[in-house]
Amino acid sequence: MIIDAHQHFWKLDLPFDYEWLREPQHEKICRDFMPVDLLPQLVDAGVTKTVFVQTQHSADENRWALSLADRFSFIAGIVGWVDLKSEHCEKQLLEFRDNPLFVGVRHITQGEPDDDFIVRPDVVRGLKILEKHGVPFDLLFYTRHLKHAATLGKLLPSLPMAIDHLAKPKIREGEISEWSRDLKNAAAFPNIYCKLSGMVTEADWKTWKPAQLKPYVDSALEAFGPERCMFGSDWPVCELAGSYSQVSGALQQLLLPLSASEKHQIYCETASRFYGLNQNRTDPER
C-alpha cells in the first residue's frame, strides 16, 4: 500500500478562481487535470491511494471533490476548506464533518498578504473549532511563515497539523539554515507532521537532481522521524518541473538507506494515521 498524501484536480470550466494557472509560468499546467488523467500514473508508480488537497477557498470545491471521491475509490480522502475567520466556521465544518471522505482542512496561507494571518486571534479561533472536532489542518507555508508552526503547536496541542511541501525551502538558492531551525522548532510538537512533497518546484525546474533535494529530506527526517513524515506528489503542480514518475522516483532514491518499516511509515502508515483514511474502499472506477 502506497498513499500519495498530496495531489490536486482542477477543471477550468468550473466557476472557481483559477487565475493563478493563467500566469505565463504556469502555462504547462493550465488545462484540466482529472482522476482519469492521474490513474495511469498511479498504476505505473505503484501508488494505490491518494489524498486530494484543496486549491480554492470555496465550499463548492469541497462538494465537487467529494463527488469525485464517490466515483473513484483511489481517492481515499479530501482535504477541503472552511472559512476559519468566519463566525459560521463551525456550521460550515459540520456540513462535511460526518462524511468519512472529508479528512482535513487547508487554507492557502502562503497567499495571504498578512504574513501573520495564521496566528491572528480570529483565525486561531477557527483552528480551535477544527481541534474540537478532531479535523486535521494542512499548513501551506513559505519559509517566512514557518516560525508560526511552533506557535500553533503551543496554542493547539490536540490539533493534528501537517506542514505541506516542507514549507517550501529555497532549494534553488541552496538556503537551509534558517529553514532548518524553524522546522526543528515545529517538530518539537508531536502533533505537527511534515509532507515530503513539492520540492521539485522549489528547485530549478529544468536542472534539478535528487541530490539537490537530499539535504532537505534529511533535515525533515531528522526533525520529524519517518513516523511523522509522509509522501506527497503535489501532482499536477509537479509537472512544471517533473513527471509523476520522476518525482516519486527521486524520493524513492533518497529513501534507499531507510529500513522497510521506516519506508512503510512514510509511504502509508503516517498519512493513514494522520488523516484517518479508509484504505479499503472499492468501486468499478478504481
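What follows is calculated from the coordinates using simple rules that are stated; it is not laboratory data. Because the structure is predicted, anything quoted here is derived from the model rather than measured. Neighbour counts are summed over all protein chains in view; Cβ atoms, including those assigned to glycine, are modelled from backbone coordinates with ideal geometry.
Specify whether the C-alpha gyration tensor of segment 116-210 places it in the rounded, prolate or oblate class, a ≥ b ≥ c being the square roots of the eigenvalues: rounded for a/c under 1.5, otherwise prolate if a/b is larger than b/c and oblate if not. It is prolate, given that a/c is not under 1.5 and a/b is the larger ratio. Residues His165, His148 in ascending order of nearby Cβ atoms (within 10 Å, fewest first): His148, His165. Phi angles of segment 208-222 translate, via the Karplus equation with coefficients 6.51, -1.76, 1.60 and θ = phi - 60°, into HN-Hα couplings of 4, 10, x, 4, 6, 8, 4, x, 7, 5, 4, 5, 5, 5, 5 Hz per residue; Gly and Pro are given as x.
Given the pairs Lys91/Lys128; Lys132/Lys170; Lys85/Lys154; Lys11/Lys206, which span a C-alpha to C-alpha distance of over 23 angstrom in this model?
Over 23 Å Cα-Cα: Lys132/Lys170; Lys11/Lys206.
Have a look at the DSSP beta bridges in the chain and tell me what percent are antiparallel, nearest 5.
Here the antiparallel bridges make up roughly 5 percent for the chain.
Shape class of segment 3-275 from the Cα gyration tensor (axes a ≥ b ≥ c, square roots of the eigenvalues): rounded, since a/c falls below 1.5. Around Cys238, what is the net charge, scoring Lys/Arg as +1 and Asp/Glu as -1 over all other residues with Cβ under 12 Å from its Cβ? Once positives and negatives cancel, what remains is -3. Assuming charge only on the beta carbon of Lys and Arg (+1) and of Asp and Glu (-1), the dipole of the chain about its Cα centre is about 620 debye to the nearest 20. Panel order for Ser259, Ser248, by other beta carbons found within 10 Å of each beta carbon, from fewest to most: Ser259, Ser248.
Compute the separation of the alpha-carbon centres of segment 183-259 and segment 19-85 and state it in Å as a whole number. Each part's Cα centre sits 20 Å from the other's. Helix-only arithmetic for the chain: the sum of -39500 (n - 2.57) across DSSP H runs with n ≥ 4, divided by the residue total, places the mean residue ellipticity at 222 nm at -10500 deg cm²/dmol.
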